[in-house]
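The values are calculated or read from the model by the stated rules, or taken from the named source; none is laboratory data. If you're wondering where the values come from, they're calculated on a predicted model, not measured in any experiment. Glycine gets a Cβ as well: all are built from the backbone with ideal geometry, and neighbour counts include every protein chain shown. Side chains included, ligands, DNA and RNA excluded: accessible areas come from the protein's heavy atoms. Shrake-Rupley method; radii C 1.70, N 1.55, O 1.52, S 1.80 Å.
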Amino acid sequence: MTANAPEPKVIDMHVHVGLRGDSMGHWGHFSEWYMKQPVFAVFLLYAGLRKDQLTDAKIREATERTIAEAEVDHVVCLALDPAYDEAGNRLQRDCHMWVANGYIVELRRRLGPKVLFGASVHPYDPDFRRRVRDVVDQGAVLLKWLPSAQHINLADPRVKDALAFLATAGHGGKPLPLLLHVGAEYAIPPIDPKAKSYDFLSWSRLEDWWNRLANHWYRPDIATVHENLRAGLDAGATIIFAHCGLPYFASGPLGFLEHNDFPVVAQLLSEYRATGDGHQPDGKKVGRAFADVSSFCTPLRKAWFPDVKRLPPGSLLAGSDFPVPVFELSADADEWQRDLKAAVLEGKVERLVVPQGNLLDVNLRELRSQFGFYHPMFTNFWRLMTHAGEDAAVEG
């Protein structure tokens, strides 16, 4: 970094927000069914909310407090466009959760530049290109897709076209990065349970056998999915693969029990390097692949850390996936004893699973503990967002 270069900013580039829709229904919605599910209760616990506080006003208050008090320089808050059907019709009323782009813009207005705009526009929307231009004009730093929840079949030709458009959709003809969820998804259920496989970049023989037996999921067209993603990257798109495509529960000898897209993500990171001048040896423009390490600070995913550490450091981005659970993996015996005492003697049972303090800070602290305080993952998104200092990211 030169003497006059700006100081890199630490960014949490994967933070979820939402609304019940009781008073701000134009900005978001949780379905009544979803709010009764165990996974939703977990999110409430980690968001610091009780069931009797489940109003838009209380949810926004808790969200703003968490973001405002966090020590990271910036937080990318993510919208989630509703699902669309094959004909391009919006299915907003059928979704279990959606978050409008306008809500993120409102959070930024209320909290200032600490909030970065993570937009979401569905590739099946016939008005996709105009809407993307609109969010770029409003300052969007990335676009978010969660294929299963949004019913996006990555083998659809509209995905290929959308990626080619995103390759030059940013300001000055730069790429607008796509944050793409890949791998198993447990947080937001799809309208059609069979659509859970829409997040998959691979398909094992075991999954094929199980699917034939139980008719569990739609069988993904993996070859066309890869063709679409590579076509977008070859056109110059920037794709961020969420969670490195890792399983959430399974690892080691039991890894075969859960879907795993990590090998595919690792291969794409190797082929489409995050650093460099963005061109192939023959002069052809080429895109860049990143992977984020959000929702990583759990005992179950810790077993994958050695594999993740072998990925190019310049290709990794730090995120929390708030309000997904985060654990203090570095806690010592004394800290565990204090939490146990509070749970037993003070009736604070949540202390056994929910760390004290701002959970965005806890996630940042734990990632630094596990990967190193100065790992470039913490400032790589700043480099990506500003298109500055890309070659300065450490490559190991």
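Data overview
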quantity: Accessible surface of segment 212-281 [probe 1.4 Å, protein heavy atoms]: carbon and sulfur percent; calculated: 56 percent
quantity: Additional length obtainable on full extension of the chain from Asp221 to Glu86, 0.36 nm per residue less Cα span; calculated: 47.0 nm
quantity: With all protein chains modelled, accessible area of Trp33 [1.4 Å, Å²]; calculated: 130 Å²
quantity: Among Asp12, Asp22, Asp56: highest mean-square fluctuation, GNM of the chain, C-alpha pairs under 10 Å; calculated: Asp22
quantity: Segment 51-181 - percent of accessible surface contributed by carbon and sulfur, probe 1.4 Å; calculated: 46 percent
quantity: Label corresponding to volume of the Cα convex hull per residue in Å³ when calculated from the structure given, among (i) 138; (ii) 177; (iii) 155; calculated: (iii)
quantity: Rounded FRET efficiency, nearest 0.05, which uses the C-beta distance separating Glu258 from Met35 and R0 of 25 Å; calculated: 0.45
quantity: Cβ-placed point charges (K, R +1; D, E -1), dipole of the chain about Cα centre in debye, nearest 20; calculated: 280 debye
quantity: Accessible area of Lys196 in the full protein assembly, 1.4 Å probe (Å², nearest 10); calculated: 80 Å²
quantity: Structure-based [θ]222 nm, the chain - -39500 (n - 2.57) summed over DSSP H runs of at least 4, per residue, nearest 500; calculated: -9500 deg cm²/dmol
quantity: Theoretical gain in end-to-end length, Lys309 to Trp210 [0.36 nm per residue, Cα-Cα removed]; calculated: 32.4 nm
quantity: GNM flexibility winner over the chain from Leu359, Leu268, Leu91 (Cα, springs under 10 Å); calculated: Leu91
quantity: Surface per residue (accessible, 1.4 Å probe) for the chain, Å²; calculated: 44 Å²
quantity: Point-charge dipole on Cβ atoms (K/R +1, D/E -1) for segment 1-152, about Cα centre, debye to 20; calculated: 140 debye
quantity: Selected from Leu300, Leu246, Leu311 as most flexible by GNM, with the chain as the system and alpha-carbon contacts under 10 Å; calculated: Leu300
